Amino acid sequence: MTADNYFHLDPIGKVQILKNARSRRIRLRVKADGKVQVSMPLLASEQKALDFVKSKVDWILRQQQDIKAGLTIFSPSSCFKTKFHELKIIPVERNRVSGMVGKGIIQINIPTNTSHEHPEIQQFIRNALIQVMRQEGKTFLPARTAELARLHKFDFENVFVKHVKSRWGSCSSTNNINFNLHLMRLPERLIDYVILHELAHTVEKNHGPGFWKLLEKVCPGARKLDKELNQFHVDIY
């Protein structure tokens, strides 16, 4: 059984503390999104965990900087696909950046006299991708969730698609399911894994043995898929 708490610690930001009955010592990691996560034994004090984090601040900041430096720079040669669209960056003889979506293409037109690496152009591209993924998610995810729920006899309330920076999905105590719009750029097997993961939480509210037993039943190879999911970043495309 695990219990989660969150703290804000300058200058590294939010720290998630997980008390785990199977933990034998305090473990620290910086997740792919730059958030700090600490796993600790149930009987250890949270203050001890925070003191441990404080002692590692310099290392954490270096890890976060490395992650930030890894942000994608979209270029005309980039190969980026959502579930239903593909990004195309086209240099054009115009004075401003523009975009259009249609026939499975997200087309971004950039002036030939402006570098595609310019921060404002990169932000324009990211905003366009987010808008497309949001629309795709709102169309696809509720329907796919209902389909998998019927297949495996799960009950849920509502599906919401949001732009968050820390989780692929979550399930509330009332069985409302939230999905990250960035799911729309993952392989289909991982989209289904996240959906089934959250559907399993409608029955098992924690990540205890009962949860993993149920998830493995409806999604064989769940542990392997969970590790594969960790290779993808929410903010780094």
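For every residue, the table says whether it meets (1) out of contact with any Phe, Trp or Tyr (no Cβ under 9 Å at 6 or more places or on another chain); (2) under 24 Å from ILE125 (Cα atoms); (3) in contact (Cβ under 8 Å) with a residue 40 or more places away in the chain.
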{"position": "SER23", "(1), (2), (3)": "yes, no, no"}
{"position": "LEU28", "(1), (2), (3)": "no, no, no"}
{"position": "SER39", "(1), (2), (3)": "yes, no, no"}
{"position": "ASP51", "(1), (2), (3)": "yes, no, no"}
{"position": "THR72", "(1), (2), (3)": "no, yes, yes"}
{"position": "CYS79", "(1), (2), (3)": "yes, yes, no"}
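For (1) touching a His at 6+ places or on another chain (Cβ under 7 Å); (2) surrounded by 17 or more Cβ atoms within 10 Å (Cβ to Cβ), each residue gets a yes or a no:
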position: PHE154; (1), (2): no, yes
position: PHE160; (1), (2): no, no
position: ASN176; (1), (2): no, no
position: LEU181; (1), (2): yes, yes
position: ARG189; (1), (2): no, no
position: LEU196; (1), (2): no, yes
position: ALA200; (1), (2): no, yes
position: GLU204; (1), (2): no, no
position: LEU214; (1), (2): no, yes
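Provide a single number: the residues in the range 99-133 that are of a type in the set (Gly, Ala, Ser) and loosely packed, with under 14 Cβ neighbours inside 10 Å.
Going residue by residue through the range 99-133, those that are of a type in the set (Gly, Ala, Ser) are 99, 102, 104, 115, 128.
Right, trim to loosely packed, with under 14 Cβ neighbours inside 10 Å and you get 102, 104, 115.
Here the count works out to 3.
When you scan the range 202-237, how many residues do you find that are of a type outside the set (Lys, Arg), closer than 19 Å to ALA21 by Cβ and either touching a Gly at 6+ places or on another chain (Cβ under 6 Å) or assigned to a loop (DSSP other than H, G, I, E, B) (or both)?
Result for the range 202-237: 4.
This table checks each residue for (1) at pLDDT below 95; (2) among the hydroxyl-bearing types (Ser, Thr, Tyr); (3) in contact with a strand residue (DSSP E or B) (Cβ under 9 Å, 6 or more places away or on another chain).
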site: ASN175; (1), (2), (3): no, no, no
site: GLU188; (1), (2), (3): no, no, no
site: VAL194; (1), (2), (3): no, no, yes
site: THR202; (1), (2), (3): no, yes, yes
site: GLY208; (1), (2), (3): yes, no, yes
site: LEU225; (1), (2), (3): no, no, no
site: LEU229; (1), (2), (3): yes, no, no
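Failed condition for LYS138, given (1) in contact with a strand residue (DSSP E or B) (Cβ under 8 Å, 6 or more places away or on another chain); (2) part of a helix (DSSP H, G or I); (3) within 15 Å of GLU198 (Cβ to Cβ); (4) among the basic types (Lys, Arg), with all others met?
Tallying (1) in contact with a strand residue (DSSP E or B) (Cβ under 8 Å, 6 or more places away or on another chain); (2) part of a helix (DSSP H, G or I); (3) within 15 Å of GLU198 (Cβ to Cβ); (4) among the basic types (Lys, Arg), LYS138 fails exactly one: (3).
If you check GLN131 against the conditions, is it under 19 Å from PHE74 (Cβ atoms), polar (S, T, N, Q) and modelled with pLDDT of 95 or more? First the steps, then the outcome.
Values: under 19 Å from PHE74 (Cβ atoms): yes; polar (S, T, N, Q): yes; modelled with pLDDT of 95 or more: yes.
Yes: the conditions hold for GLN131.
The values are calculated or read from the model by the stated rules, or taken from the named source; none is laboratory data. The structure displayed is predicted, hence computed values, not measured ones. So basically every Cβ, Gly included, is an ideal-geometry build from the backbone, and we count neighbours across all protein chains shown.
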